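Step one of this worksheet: look at the structure below.
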Amino acid sequence: MSEFWLISAPGDKENLQALERMNTVTSKSNLSYNTKFAIPDFKVGTLDSLVGLSDELGKLDAFAESLIKRMAQSVVEVMEDAKGKAQENLLANGVDLTSFVTHFEWDMAKYPAKQPLPSLVDTLAKQLAQIETDLKARTAAYSALKATLDSLNQKAQANLFTRTLSDIVSKDDFVLDSEYLVTLLVIVPTQNYAQWQKTYESLSDMVVPRSTKLICEDKDGGLFTVTLFRKVIDDFKARAKENKFTVREFYYDEKEITREREEMARLLTAKKQQYQTSCVALKKGPSTFPDHKVKVTPLGNPDRPAAGHSDRERESEGEGEGPLLRWLKVNFSEAFIAWVHVKALRVFGGSSWRYGLPVNFQAVLLQPHKKSSTKRLREVLNSVFRHLDQVAAASMLDAAVDIPGLQLNNQDYYPYVYFRIDLGLLD
């Protein structure tokens with residue numbers, strides 16, 4: 001499954017033993033894969049400030065999740081003809097998302113743990129807000145380009161009465177620069193082809209004999225040329241209408257035809273340049289931990305290839321890609337990494353409030369093996385940590401306070417801090 005549960009329990013001896021029991025039970029029952037989720041010791045103010053911060057983190061969590069979903073969708077849209085490879089481009093720090101989450105380590109350089117929690121939250125919020133601003137601008141420009149191109153394509157695929165003719169007609173189809181003669185385009189229903197060939201020369205005086213030519217067809221009819229003297233145009237149109245032939249108003253302007261063709265070519269090129277086949281292969285390595293032990297593998301471990309790449313390095317890897325796809329890949333990674341950091345802060349804040357100060361808790365990441373096993377896994381967790389029920393129940397009764405990590409759902413509550421990371425939302 002691509003779903004993870006982030007839980008925490010107090011770090012005292014009794015609860016560490018409870019975590020070991022949880023590992024044993026989930027191992028024997030094959031319910032989940034568990035790893036330690038390392039969270040630094042942050043500067044903690046008052047419990048009241050943590051409660052206020054939890055509300056802000058909750059909103060930031062939802063915003064970050066929404067943002068990365070939109071970015072993932074943008075990657076799919078830009079890749080169009082290679083949608084099946086979109087997941088290969090949704091990486092975090094150079095590795096697939098599951099590997100990043102299971103190997104998570106707090107980025108001390110970008111988010112120093114020595115900073116006050118409000119400052120860290122503000123840094124994350126500003127980073128995500130800037131990515132969203134850039135995303136809106138870039139996708140708006142791409143959408144405008146795509147809409148213009150779609151409009152031109154629709155005109156090219158419309159019926160003979162409305163479609164553009166720049167890709168159909170040529171200079172040789174017309175008598176040009178003549179003081180007396182003019183070439184008209186006439187739409188003839190399919191069933192009337194024979195009638196047209198028999199009658200077009202007699203629809204009016206001064207029609208050039210054998211001057212008609214079929215230049216285009218659709219499912220309803222064909223577009224024919226006919227050459228006649230200019231002074232009988234109106235009479236010819238009227239007689240043609242009586243016979244269910246429609247004269248299409250069109251004037252051959254070579255400069256305009258060339259301009260339309262060049263515009264279409266330019267738009268197609270511009271759109272294609274936003275995405276070129278990725279030259280970065282999805283790099284995967286083993287991401288297993290010792291069976292059923294709560295253990296963290298550092299980011300620098302050889303089992304985690306390509307991790308720790310800088311933005312500049314990741315961009316240089318994608319030199320064969322279009323600018324929009326390259327930007328989406330780099331900034332999706334940044335947004336996803338920020339989102340997981342927000343989750344870590346939520347666990348820290350929720351655990352500090354639920355279990356009290358000084359801070360002492362253990363966070364664990366669980367990956368349920370099957371969707372069908374989640375109910376059983378929940379029962380195991382509730383059983384193992386049932387001794388925390390009094391804490392959770394007391395929190396429920398305090399209606400004046402929203403307890404971080406309590407996760408009330410349909411009157412149910414969890415006696416431990418719980419948050420969810422669902423990568424399936426990006427499929």
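The values are calculated or read from the model by the stated rules, or taken from the named source; none is laboratory data. What you see is a predicted model; the values in this text were computed from it and never measured. Cβ atoms come from the backbone with ideal geometry, glycine included; neighbour counts cover every protein chain shown. When the accessible area is computed, the model is the full protein with side chains, heavy atoms only, and any ligands, DNA or RNA have been set aside. Shrake-Rupley method; radii C 1.70, N 1.55, O 1.52, S 1.80 Å.
Tabulated values for the structure
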{"read-out": "Descending semi-axes in Å of the range 114-231, equivalent ellipsoid built from Cα gyration tensor", "value": "60, 15, 8"}
{"read-out": "Ellipsoid semi-axes in whole angstrom, largest first, where each is sqrt(5λ) of the Cα gyration tensor of the range 87-170", "value": "49, 17, 8"}
{"read-out": "Alpha carbon Rg of the range 23-129, scaled by the compact-globule rule 2.2 N^0.38 Å", "value": "1.36"}
{"read-out": "Dipole of the range 94-237, positive direction: furthest Cα of THR164, TYR200, PRO189, with charges on the beta-carbon", "value": "THR164"}
{"read-out": "Too-long pairs where the Cα-Cα distance tops 30 Å, listed order kept, from LYS146/LYS241; LYS171/LYS241; LYS255/LYS329; LYS69/LYS146; LYS213/LYS255; LYS43/LYS136", "value": "LYS146/LYS241; LYS255/LYS329; LYS43/LYS136"}
{"read-out": "3J(HN,Hα) from dihedral phi, the range 216-229, Karplus parametrisation 6.51/-1.76/1.60, rounded to Hz, x for glycine, proline", "value": "6, 9, 10, 5, 9, x, x, 9, 10, 9, 8, 10, 8, 7"}
{"read-out": "Whole-percent carbon and sulfur share, accessible surface of the range 109-213, 1.4 Å", "value": "53"}
{"read-out": "Largest to smallest principal axis extent of the C-alpha atoms in the range 2-51, angstrom", "value": "41, 30, 17"}
{"read-out": "1.4 Å probe accessible area per residue over the range 120-238, in Å²", "value": "55"}
{"read-out": "Amide H within-cut-off set for GLY222, under 5 Å, with H built and near neighbours excluded", "value": "VAL188, THR190"}
{"read-out": "Net +/- balance of residues flanking THR190 in space, Cβ distance below 13 Å, scoring K and R +1, D and E -1", "value": "-1"}
{"read-out": "Whole-Hz couplings from phi, Karplus 6.51/-1.76/1.60, listed for the range 325-338; x for Gly and Pro", "value": "5, 4, 5, 4, 5, 5, 7, 4, 4, 4, 5, 5, 4, 4"}
{"read-out": "Nonlocal amide H pairs with VAL247, under 5 Å, H built at 1.01 Å", "value": "ILE187"}
{"read-out": "Phi-based couplings in Hz for the range 240-245 (Karplus 6.51, -1.76, 1.60; Gly and Pro marked x)", "value": "5, 4, 4, 9, 6, 10"}
